[in-house]
Amino acid sequence: MFNDLTLGRNTQQQASLPAGVLIMLVLAIAAACLFLIKALIDFGPAEQPLVALVASNLAQSGVDNPVTAVLLNFRSYDTLLEVAVLLIVALAVVPASTDQSKLRFISVSVPTERSFVLEAFLRWLLPAIVVTSGYLLWTGAALPGGAFQAGALLAGAGILLLLAGHHNFNFNAPAARLLLVVGLAVFLLVGAAVILSSGTALAYPQAWAGMLILIIEVAATLTIAAILVLLFCALQVEPPRAKYEGPKKEEHS
Amino acid sequence: MTQAMLYAVFGIVLFGVGLFGVLAIAHVMKKILAINICGVGVFMVFIANASSGVAADFVPHAMVLTGIVVAVAGTAMALSLVVRINALEQQEEDA
């Protein structure tokens, strides 16, 4: 779809840089890279005091996978802010429509172009993707996996569904809005609620940590999937009109 | 030179390639792609350094995982701005 973007004024202005400048640029960047590589080799293997720290505290985190423990327990602020960043981007690209007539999240329509291979394949693939996504979410507690992997997989299912053309997502529907914010909302709620027991935001009580992390991850998975599908929807642009109205314009002038 | 070092070195090279793209190419879409290549280079250096010791350090892994998602969000934001710029230029041309 982005092949069709003309960016007219930009492309007219963008006479490429003169060859001399380009060569200078290449040399400067090569020199900078060589300097960085030299610094890297001189620096030698970095000390890793955090490895022991994570390992010794893993038992308290509520999960067995150290990466998940870091993401959702030891450095959960990072993940909280990351979900917030996703929500901000979602707010920036969500179609600004106040159309109240279509308040259903998912609407069904007959596509203009049907791809029978994709349709038949989807019947098999979609359930498998949903189950795999749930598995990834669950296994994130012990093995590589977790909310982001599961959310990305679910988003892939959503995008395939869109491409098949039978279903449309309307991100102005209340259900869609709920999906977009539920991850951040649950994260904030849990993070604030644990103040009652531990006195610090996002410091989960040890006995409940595993359950709380799972709750946060389920909500985050849904939100990440919804936001990724929204980004895909929002960035689908109509081909530029000028391309098709071109001959007409020439007639006018 | 260990394997991890090799990854780190090529991470730096990727960063250089991306940096050249950002500075030398005027087309906005290609600039966004170049910024992404830069980002991948940074992630590679970060991850490669994390595994240069005996055990892999988990904190950089988690941070890069966060970084990837933020990079996707930033790219989507940039692309939506490109689409908007394109729409405005179309309007201007039509008017």
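Residues that are open to solvent by 50 Å² or more (accessible area, probe 1.4 Å) and at pLDDT below 90: does the stretch A:146-162 have at least one?
No; the residues of the stretch A:146-162 include none that is open to solvent by 50 Å² or more (accessible area, probe 1.4 Å) and at pLDDT below 90.
Which residues, counting only those in the stretch B:54-66, are within 9 Å of chain A (Cβ to nearest Cβ) and either of a type in the set (D, E, K, R) or open to solvent by less than 30 Å² (accessible area, probe 1.4 Å) (or both)? Write out each step before concluding.
Of the stretch B:54-66, the ones within 9 Å of chain A (Cβ to nearest Cβ) are B:54-63, B:65-66.
Correct list: B:ASP57, B:VAL59, B:PRO60, B:ALA62, B:THR66.
Looking at the stretch A:15-27, I want the residues that are closer than 15 Å to B:GLY21 by Cα and have a partner that is open to solvent by 70 Å² or more (accessible area, probe 1.4 Å) with Cβ atoms under 8 Å, at least 6 apart or on another chain. Which pairs are those?
Pairs found: A:LEU22/A:SER16; A:LEU25/B:LEU23.
Mind checking which residues of the stretch A:2-19 are more than 7 Å from every other protein chain (Cβ to nearest Cβ) and either on the phi > 0 side of the Ramachandran plot or at pLDDT 90 or above (or both)?
Those that are more than 7 Å from every other protein chain (Cβ to nearest Cβ) and either on the phi > 0 side of the Ramachandran plot or at pLDDT 90 or above (or both): none in the stretch A:2-19.
Conditions: (1) touching a helix residue (DSSP H, G or I) at 6+ places or on another chain (Cβ under 8 Å); (2) open to solvent by less than 40 Å² (accessible area, probe 1.4 Å). A:LEU188 meets all but one. Number of the miss?
Result: A:LEU188 fails condition (2) only.
Filter the stretch A:133-145 for residues that are part of a helix (DSSP H, G or I) and either buried (at least 16 other Cβ atoms within 10 Å of the Cβ) or of a type in the set (D, E, K, R) (or both) and give the result. Break it down into steps so the answer makes sense when it comes.
Keep residues of the stretch A:133-145 that are part of a helix (DSSP H, G or I), which gives A:133-139.
Once the filter is applied, which keeps residues that are part of a helix (DSSP H, G or I) and either buried (at least 16 other Cβ atoms within 10 Å of the Cβ) or of a type in the set (D, E, K, R) (or both), the stretch A:133-145 yields A:SER133, A:LEU136, A:LEU137, A:TRP138, A:THR139.
Can you name the condition, by its number, that A:LEU50 falls short on among (1) at pLDDT below 85; (2) under 30 Å from A:SER198 (Cα atoms); (3) more than 8 Å from every other protein chain (Cβ to nearest Cβ)?
Condition (3) is where A:LEU50 drops out.
Name the one entry in B:PHE46, B:PHE20, B:PHE10 that is over 24 Å from A:VAL93 (Cβ atoms) and either of a type in the set (D, E, K, R) or within 9 Å of chain A (Cβ to nearest Cβ) (or both).
On the way: B:PHE46 fails: either of a type in the set (D, E, K, R) or within 9 Å of chain A (Cβ to nearest Cβ) (or both); B:PHE10 fails: either of a type in the set (D, E, K, R) or within 9 Å of chain A (Cβ to nearest Cβ) (or both).
Checking each option against the conditions leaves just B:PHE20.
Given the conditions (1) within 22 Å of A:ALA39 (Cβ to Cβ); (2) of a type outside the set (A, V, I, L, M, F, W, C); (3) within 7 Å of chain A (Cβ to nearest Cβ), which single one is not true for B:THR2?
(3)
For the stretch A:193-239, give me the residue count where each residue is among the acidic types (Asp, Glu) and assigned to a helix (DSSP H, G or I).
Start the filter on the stretch A:193-239 by keeping residues that are among the acidic types (Asp, Glu), which leaves A:217, A:238.
Applying the additional criterion that residues be assigned to a helix (DSSP H, G or I) yields A:217.
Matching residues across the stretch A:193-239 total 1.
The values are calculated or read from the model by the stated rules, or taken from the named source; none is laboratory data. The structure displayed is predicted, hence computed values, not measured ones. Positions of Cβ are generated from backbone atoms using ideal geometry, with glycine treated the same way; all protein chains shown enter the neighbour counts. Note: accessible area is taken over every heavy atom of the protein model, side chains too, but ligands, DNA and RNA are not part of it. Shrake-Rupley method; radii C 1.70, N 1.55, O 1.52, S 1.80 Å.
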